[in-house]
Amino acid sequence: MTAGGALIISPDALLIKLIGLPDLDILLWRGLLTALGFMLIVVLRQGRGFVNAYRRCGWTGIGVAVLFSFSTFGFVLGNQYTKGGNVLMILASAPLIAAALSRIFLHERQPRRTWMAIFLCLLGTSLIVLDDAGAGSWVGNAFALLAATALAANFTLCRTRTGVDMSPMLTLAGLIVATVAFVVSGFGAGLIMPSQASWLWLVVLCLGLLPLGFTLIQRGPLYLPAADVGLLMLSEVVVGTLWVWWILGEQPAPIGLFGGVIVIGTLLVKGLYERRIEMRQRSRVQAG
């Protein structure tokens, strides 16, 4: 579920480039359209009981929404003030931050294979974005770190309410993003209307791909530790790079392709190994 969500949102960076709007405009329309998309998904899934889906989330759900909003601001503004490679490299630390937060607040111990996978994926992601990384701006790097920390804290917070689906609260997150962008722009004074082509990509990305993908990802902590959810999201970096290469012709360096192989290979091997452990445990239970 989490890996599928990461693949669905993988064209995010590509479509933002095709939309070609200033950051505040992107934040406003991204917030409004994703809020609508998340709400439609909740209504389709829950039917007449969709209001109860929001109520079940409680105050924890509000915290999830705020943290998701921070991760959105950090990602978009980080790309404005520093190199895109720096943003992705810092975002790759989200699984490490999630593992630390889970250990401190939830007392969840990560097995050695998870720590090994985290550091291998950090290495692979660093190789992917090596050409687009540099000194950058400390402000932009700080925004990227905010995005990584908020993302990790979001998944960790979800683990405190086991069995409760927090994905409906992403509707509130979209509204928070849109409201802040509207206020900062001078209550809409500095905003421009998107062109017809920009509208098309905005609808595809923000009304379709992002709500569907992030709904799946946000449900990940129901079944996986926060660190594992963050790890699986790193597949977005690899596939997103391939999208940009295929559509815009921005060919990654050979070392970047090698980094992608490290990330995908690590996630695949870890997944297969843990599936094998799960099958053994089931066999023992059935035998007992």
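The values are calculated or read from the model by the stated rules, or taken from the named source; none is laboratory data. What you see is a predicted model, and the numbers here were worked out from it, not measured in a lab. Cβ atoms come from the backbone with ideal geometry, glycine included; neighbour counts cover every protein chain shown. Just the protein is used for accessible areas: all its heavy atoms, side chains included, with ligands, DNA and RNA removed. Shrake-Rupley method; radii C 1.70, N 1.55, O 1.52, S 1.80 Å.
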Listed by first then second residue, the pairs whose first member lies in segment 272-287 and is under 18 Å from residue 224 (Cα atoms) and open to solvent by less than 100 Å² (accessible area, probe 1.4 Å), whose partner is of a type outside the set (Phe, Trp, Tyr) and at pLDDT 85 or above, with beta carbons under 8 Å and at least 6 positions apart or on separate chains, are 274/113
Here the residues within segment 220-268 that are part of a helix (DSSP H, G or I), exposed (fewer than 14 other Cβ atoms within 10 Å of the Cβ) and without any contact (Cβ under 8 Å) to a residue 24 or more places away in the chain are 246, 254, 265, 268
(message) On the basis of being among the aliphatic types (A, V, I, L, M), in contact with a helix residue (DSSP H, G or I) (Cβ under 6 Å, 6 or more places away or on another chain), surrounded by fewer than 22 Cβ atoms within 10 Å (Cβ to Cβ) and modelled with pLDDT under 90, does residue 76 make the cut?
(response) yes
Selection from segment 51-73 of residues touching a residue at least 24 places away in the same chain (Cβ under 8 Å) and either open to solvent by 70 Å² or more (accessible area, probe 1.4 Å) or among the charged types (D, E, K, R) (or both) yields 56, 70
Subset of segment 79-113, residues among the small types (Gly, Ala, Ser), part of a loop (DSSP other than H, G, I, E, B) and open to solvent by 10 Å² or more (accessible area, probe 1.4 Å), comes to 93
- Confirm whether residue 99 is at negative phi and modelled with pLDDT of 90 or more. yes
TODO: Take residue 159 and decide whether it is in contact (Cβ under 8 Å) with a residue 12 or more places away in the chain and surrounded by fewer than 18 Cβ atoms within 10 Å (Cβ to Cβ).
DONE: no
Among 174, 124, 140, 186, the single one that is open to solvent by 10 Å² or more (accessible area, probe 1.4 Å) and out of contact with any Pro (no Cβ under 6 Å at 6 or more places or on another chain) is 186
